[in-house]
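Worksheet for the structure shown next.
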Amino acid sequence: MQIIGLCRFSYPAEGGFQVEHESIGDRIAYLYSAARMEERLRHFECICLPGLKAQTDPDFTFLVLVGEAMPRPYLDRLRALLADFPQARIVSRPPGPHRQVCQQVINEARDMSQPCLEVRHDDDDAVAVNFIEDLRAAALDISALRAKHRLVALDWNRGYVGRPDADGLCAEPCVTPFWGVAQAVAVAPGVRQSIMNFGHNKLNRFMPTLSFTDHPMYWRGHNDHNDSRQKAHVKAARLPRLDAVGEVEMKRLFAIDADHVRRVFAPAAAT
């Protein structure tokens, strides 16, 4: 069964952001500001990619959607980070309607005659190294349900909210349903709607959904440039610093290496 993940890496969509901008030009300027791009690339390298590269089931496609206006130095760095990740493919698009563009990108990578499992993934989040394996197994377990419905959602709701920094990792466990990470939609053959046609926290309004809470499946990134954290009423979460035992657990679950985080987030490396 085909599995496709989509990551929007600073793509200047029309819509799709909680923080609005006066024009696409303003959005592009915001997205590609030096401070923001440095942070996004550090999180992508240290948090997002390790677990994806270490999947116990490597049979999936990972699409990284970027804007055609992305400055060349950042695009080159993105390509370098993905050089040893054969499942990854960079897809470049001009600004366009958020849901429509994301749907088109996913469907262009699909075999429309076959069922597909579609995953949305942010550039500062992580999934457990067994996510693809467990997703495929769960989809097979619900074959009868999928045969009756065009779309079925699967949501793993146990994980961690965390933040990397120059001293390592801060994180705490949580159970939060429909958070948009470690989440998938099983799409029937021929159906052109995609996981990106729905808000991640509203999937249960439109299709049957299954929740899994038995073990941690995600790391939800918490940092200054989260789109959801740009509004005035949002307060910073105080996350406890992980000790050596906690760091070992993050490496086991998500392949996140705290020593690598310290090197990449060190002040000298961040300038």
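A short reminder: the numbers here are calculations on the coordinates, not readings from a lab. Everything numeric here is computed off the predicted structure, so don't read it as measured data. Glycine gets a Cβ as well: all are built from the backbone with ideal geometry, and neighbour counts include every protein chain shown.
Applying a threshold of 6 Å to beta carbon distances and a minimum spacing of six or more residues, or different chains, the list of pairs starting in the stretch 42-53 at a residue that is under 14 Å from ALA182 (Cβ atoms) and ending at one that is basic (Lys, Arg) and part of a helix (DSSP H, G or I) is empty. Within the stretch 38-58, the residues that satisfy the criterion of being in a helix (DSSP H, G or I) and either among the hydrophobic types (A, V, I, L, M, F, W, C) or touching a Pro at 6+ places or on another chain (Cβ under 8 Å) (or both) are LEU41, ARG42, HIS43, PHE44, CYS46, ILE47, CYS48, LEU49, LEU52. The residues of the stretch 89-114 that are over 13 Å from VAL191 (Cα atoms) and touching a Lys or Arg at 6+ places or on another chain (Cβ under 9 Å), listed by number, are ILE90, PRO95, HIS98, VAL101, CYS102, VAL105, ALA109. Scan the stretch 157-181 residue by residue and report those that are touching a Lys or Arg at 6+ places or on another chain (Cβ under 9 Å) and not in a strand (DSSP E or B). Matches in the stretch 157-181: ALA166, ASP167, THR176, PHE178, TRP179, GLY180, VAL181.
The single condition from (1) crowded, with 19+ Cβ neighbours inside 10 Å; (2) free of Cβ contacts under 8 Å to residues at least 40 places away in the same chain; (3) not charged (D, E, K, R) that PRO86 fails is (1). Inspection of the stretch 192-199 identifies no residue that is surrounded by fewer than 14 Cβ atoms within 10 Å (Cβ to Cβ), part of a helix (DSSP H, G or I) and either free of Cβ contacts under 8 Å to residues at least 24 places away in the same chain or touching a Phe, Trp or Tyr at 6+ places or on another chain (Cβ under 8 Å) (or both). Of ALA171, ALA184, ALA139, all but one fail to be farther than 30 Å from ARG262 by Cβ, buried (at least 19 other Cβ atoms within 10 Å of the Cβ), small (Gly, Ala, Ser) and within 18 Å of the chain's Cα centre (by Cα); the exception is ALA184.
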